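Asker: Okay, here's the structure, questions in a sec.
Values quoted throughout were computed directly from the atomic coordinates according to the rules given, and no laboratory measurement underlies them. Note that the structure is predicted; figures quoted are calculated from it, not measured. Ideal geometry is used to build each Cβ from the backbone, glycine not excepted, and the neighbour counts take in all protein chains shown.
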Amino acid sequence: MAVIYPAIEPRNQEASEQTRQHVDQLTKPLGSLGRLEQLAIELAGMTGETMPVVTPPGVLVFAADHGVAREGVSAYPQEVTAQMVLNMIHGGAGVNVFARQIGAIQKIVDVGVAVEVEAPGVYNKRIRAGSGNMLKEAAMTADEAQRSIAVGLEMAEAIIGEGAKVVIVGEVGIGNTTASSAILSALTGADPEQIVGRGTGLDDAGWQRKKTVVREALALHRPDATNPLDVLAKVGGLEIGAMAGAIMGAASRRVPVLLDGFIATVAALLAVRMEPLVADFLIAGHRSEEPGHDFVLQALGKEPLLSLNLRLGEGSGATLAFPIVEAATRMVREMATFASAGVSDR
Ligand SMILES: Cc1cc2ncn([C@H]3O[C@H](COP(=O)(O)O)[C@@H](O)[C@H]3O)c2cc1C
Ligand SMILES: O=C(O)c1cccnc1
């Protein structure tokens, strides 16, 4: 299968400029709403609407397992992935709580959990029963990597078709901070020593082991930094490919993407390396505790909205940041101007 990447248009500069002029007429000292003003101007460029609407948001959670989990690189066992998928179907995961709070459309997609979770409500897009152990073999074939991207593209279309005006991508997959770290090292040349973190909470010995696993997997496969698909196939993960596809799909529909933590942001970097204009549609939701997150945010040139010491994933940090994004659009639509309110301008 050869996945065809959708065309992506840059931001609409005229819409941004009109929104900038409107924001400067609102009843507040010039520039006093700081980054909220910048956010409104960026949202106008992304959507092409001078008064953008971001409700309802859509949350896509992609789930898959990782062969590398067998190397003791997570504080939790692999069964947790399937168990958390079931928990999400019942609405009990962190992301579900915060997604309900913001009135989000939610979808949970199985791209390759080790043991199939048969529950109504799970989108079955299984490509294989977990990726290969990157320490011994490629995580996926090139074909499987392309199929994972296609799943993301399809799910972005589905949630946008149901009305989502912002897309949040989340994930669950024990071992996926190892895969994300390997992708980030492969794409940027970052030293694993600097970007590999403790994930779910590894102790010192586990953390050292995880760094060694990433270093050895990269030495074994030598992924081509200029070929994001090669990187995804060799040291990536099924849900990470799907997240990259969904991010690309949203960007192609001019729907802003609100990024979650380390894993989602690494998926965004993959998407940007595939189609650079994707970067125009990204908003960084929060800064995760995972040390590689700061590194990948810098690579993308994005400053996060929140810094709450989160290290959960699932899309949780992005759902928490959403009210700020919504506030930026309400500021544009609902605040009075100096003229309309009869307030003296300077
Ligand atoms: C109960 C539980 C719920 C989670 N929700 C997200 N993650 C997060 O932790 C995992 C990645 O960390 P590592 O690479 O260390 O395995 C992923 O499942 C991610 O979504 C969870 C992890 C656990 C244990
Ligand atoms: O930042 C994240 O996305 C993250 C960090 C730790 C564990 N799972 C996810």
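Asker: How would segment 57-321 be classified by its alpha-carbon gyration tensor: rounded, prolate or oblate, with rounded meaning a/c under 1.5 and the a/b versus b/c comparison settling the rest?
Answerer: rounded
Asker: Show me the GluC sites (Glu not before Pro) within segment 294-338 that DSSP assigns to loop and that have at most 10 other Cβ atoms within 10 Å of their Cβ.
Answerer: Nothing satisfies the criteria.
Asker: Taking the Cα centre as origin and putting +1 on Lys and Arg beta-carbons and -1 on Asp and Glu beta-carbons, what dipole magnitude results for segment 57-321, to the nearest 20 debye?
Answerer: 180 debye
Asker: Now a separate question. Would you check the chain for Lys pairs whose C-alpha atoms are within less than 26 Å, ignoring same-chain pairs closer than 8 in sequence, and give me the count?
Answerer: So the count works out to 12.
Asker: Something else: Tell me, what is the percent relative contact order of the chain, built from C-alpha pairs under 8 Å that lie six or more residues apart?
Answerer: Averaging sequence separation for qualifying contacts and normalising by length gives 24 percent for the chain.
Asker: What size of dipole, in debye to the nearest 20, comes out for segment 178-236 about its Cα centre when the only charges are +1 on Lys and Arg C-beta atoms and -1 on Asp and Glu C-beta atoms?
Answerer: 100 debye
Asker: Could you rank the peptides 164-170, 244-250, 132-138, 43-49 by their average count of other C-beta atoms within 10 Å per residue, with the highest value first?
Answerer: Ranking the peptides 164-170, 244-250, 132-138, 43-49 by packing returns 244-250, 164-170, 43-49, 132-138.
Asker: OK, next. Need the C-alpha centroid separation for segment 285-346 versus segment 174-252, integer Å.
Answerer: Between the Cα centres of segment 285-346 and segment 174-252 lies a distance of 26 Å.
Asker: Please report the antiparallel percentage of the DSSP beta bridges confined to the chain, to the nearest 5.
Answerer: Taking every DSSP beta bridge with both residues in the chain, the antiparallel ones total about 5 percent.
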